[in-house]
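A quick write-up on the structure given underneath.
Please treat every number below as a calculation from the coordinates, not as lab data. Remember, it's a predicted structure, so these values are computed and weren't measured experimentally. Positions of Cβ are generated from backbone atoms using ideal geometry, with glycine treated the same way; all protein chains shown enter the neighbour counts.
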Amino acid sequence: MPSSEDSAVGELRVGDLLSASTLPILEARALLAHQLGVARERLVMRPEQRVASEDMREFAQLVKRRKRGEPLAYLLGEKEFYGRMFAVSAAVLIPRPETELLVEIVLALGLPDEAHIVDLGTGSGCIAITLALERAAWRITASDLSQQAIGVARGNAEKWQARNVTFRHGSWFSAVPDQRFDLIVCNPPYVAVGDPHLDALPFEPMPALVAEGNGLACLQAIIEGAPSHLVPGGFLALEHGHDQADAVRDLFATHGWCDVRTEADFASIERVTLARTAVV
């Protein structure tokens, strides 16, 4: 940060500090508000407010981390999803706006009032908790292989008082070995090993992003295993990569699923494919 008469006495004004950061103003304001524990609007209204030297130093460290590419959501410790703020850490993927499509599709399926749903690989819990809050009578099970992720998700469930969510530890269906559901929902790892897009994601947990078999291994495992964990006519809804819709539809067809269809996200990218088991 540049020196000034103010910095000589250990303080700068909010406006000067934000300008000195050289970050985009919205990012700088978000980080400073986070450090000061105030609403961002307060910084807009009071640019002349002086910032204590200790807060200045901590803000400078946040700015350095952001300039090194660390996601803003990890620095702030939260990210908005479906109109709610969810806590995040480096143990979980940052919720993406396109994943909201998965939630919207599930909500529109017309499931029973007391449907039982499992969210495999829940991460921050944003999908499971959103469904639980939007449909209070549904019973939601959320599983993850990472205990750290489950800890983050539990905290989010407590924050939003989502009392109809339970958590299980384990890989895919091993977390719910003897249960059957009306719907299985999952945003699994689907990025291929060596995909160049990974270079832009060095801070997010690779096990939650990357899958073998050109990114299809986890999708295939879930499609193969899901029928024995669904009631007759039960649904499986999967998020997948921008270029995987054809392959995912083929996997569903190969394993005898019914009513296979794909929905596009807000960018007109085929993002979610769902199907159902046969009605006996």
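Once you charge only the Cβ atoms, +1 for Lys and Arg and -1 for Asp and Glu, what is the size of the charge dipole of region 28-145 about its Cα centre, to the nearest 20 debye?
760 debye
Please give, to one decimal in nm, the separation of the simple spin-label points placed at Lys159 and Glu212, each 7 Å out from Cα toward the Cβ.
It works out to 3.6 nm between the two label points.
Any chance you could run the full-extension gain for Glu224 through Glu54? It's 0.36 nm times the residue separation minus the Cα-Cα distance, nm to one decimal.
Gain on extension, Glu224 to Glu54, equals 55.7 nm.
About the Cα centre, and with charges only on the beta carbon of Lys, Arg (+1) and Asp, Glu (-1), how big is the dipole of region 121-236? Nearest 20 debye, please.
Rounded to the nearest 20 debye, it is 560 debye.
Reachable aspartates and glutamates from Lys159, Cα under 17 Å, same-chain residues fewer than 8 places away excluded?
Hits, sequence-local ones excluded: Glu78, Glu80, Glu134.
Let's see if you can work this out: charge +1 on each Lys and Arg Cβ, -1 on each Asp and Glu Cβ, no other charges. What is the dipole magnitude of the chain about its Cα centre, in debye to the nearest 20?
That gives a dipole near 620 debye.
Using Cα pairs under 8 angstrom and six or more residues apart, how large is the relative contact order of the chain, in percent?
Values: 491 pairs, mean separation 35.7, N = 280.
Normalised by residue count, the contact order of the chain is 13 percent.
Roughly how many Å is it from the Cα centre of region 185-218 to that of region 75-96, as a whole number?
If we compute the Cα centre of each part, the gap is 18 Å.
Skipping prolines and chain starts, which residues have an amide H placed within reach, meaning under 5 Å, of the one on Phe167, given they are 5 or more residues away or on another chain?
For Phe167, whose amide H was placed from the backbone, the distant partners under 5 Å are Ala142.
Return the distance in nm (one decimal) between the two label points of a simple spin-label model at Arg139 and Ala90, each offset 7 Å from Cα along Cα→Cβ.
The modelled label-to-label distance comes out at 3.9 nm.
How large is the convex hull of the Cα atoms of region 5-66 per residue, expressed in Å³ as a whole number? Walk me through the intermediate numbers first.
Values: hull volume 4.3 nm³, N = 62.
Cα convex hull per residue, to the nearest whole number: 70 Å³.
Take the Cβ-Cβ distance between Ala108 and Phe203 as r, set R0 to 35 Å, and report the resulting FRET efficiency rounded to the nearest 0.05.
Computed FRET efficiency for Ala108 and Phe203 comes out at 0.55.
With r as the distance between the Cβ atoms of Gln61 and Arg261 and R0 = 35 Å, compute the FRET efficiency 1/(1 + (r/R0)^6) and round to 0.05.
Efficiency, from the Cβ-Cβ distance: 0.15.
Quick one: which residues, 5 or more positions from Gln49 or on another chain, have an amide H under 5 Å from its amide H? H modelled 1.01 Å from N in the peptide plane, none for Pro or chain starts.
Val14, Gly15
Taking +1 at the Cβ of each Lys and Arg and -1 at the Cβ of each Asp and Glu, which of Val152, Phe266, Leu131 sits farthest along the dipole of the chain towards its positive end, judged by Cα position relative to the Cα centre?
Farthest towards the positive pole: Val152.
Enumerate the calculated ³J(HN,Hα) couplings along region 46-60 in order (Karplus 6.51 cos²θ - 1.76 cosθ + 1.60, θ = phi - 60°), each rounded to whole Hz, writing x wherever the residue is Gly or Pro.
Once θ is set to phi - 60°, the couplings for region 46-60 become 10, x, 7, 4, 7, 10, 4, 4, 5, 5, 4, 5, 5, 4, 4 Hz.
With θ taken as phi - 60° and the coefficients 6.51, -1.76 and 1.60, list the Karplus ³J(HN,Hα) couplings across region 80-95 in order, rounded to whole Hz; mark glycine and proline as x.
These are the phi-based 3J(HN,Hα) values: 7, 8, 6, x, 10, 8, 10, 5, 9, 9, 5, 7, 9, 5, 6, x Hz.
Between (1) 55, 43, 38; (2) 53, 49, 41; (3) 78, 40, 32, which entry matches Cα extents along the principal axes in Å as derived from the coordinates of this structure?
Here the calculated entry is (3).
Each residue of region 194-201 in order: what ³J(HN,Hα) in whole Hz does its phi give by Karplus 6.51 cos²θ - 1.76 cosθ + 1.60, θ = phi - 60°, with x for Gly and Pro?
Along region 194-201, the couplings run x, 4, x, 5, 5, 4, 8, 10 Hz.
Out of all DSSP beta bridges with both ends in the chain, state the antiparallel percent to the nearest 5.
Details: 16 of 37 bridges.
Expressed as a percentage, antiparallel bridges in the chain total about 45.
At 7 Å along Cα-to-Cβ for each site, give me the label-to-label distance between His169 and Glu70 in nm.
Here the answer is 2.7 nm between the modelled labels.
Please list the non-local residues whose amide H lies under 5 Å from the amide H of Phe181, H modeled 1.01 Å from N, same-chain partners needing a gap of 5 or more.
Leu230, Val231
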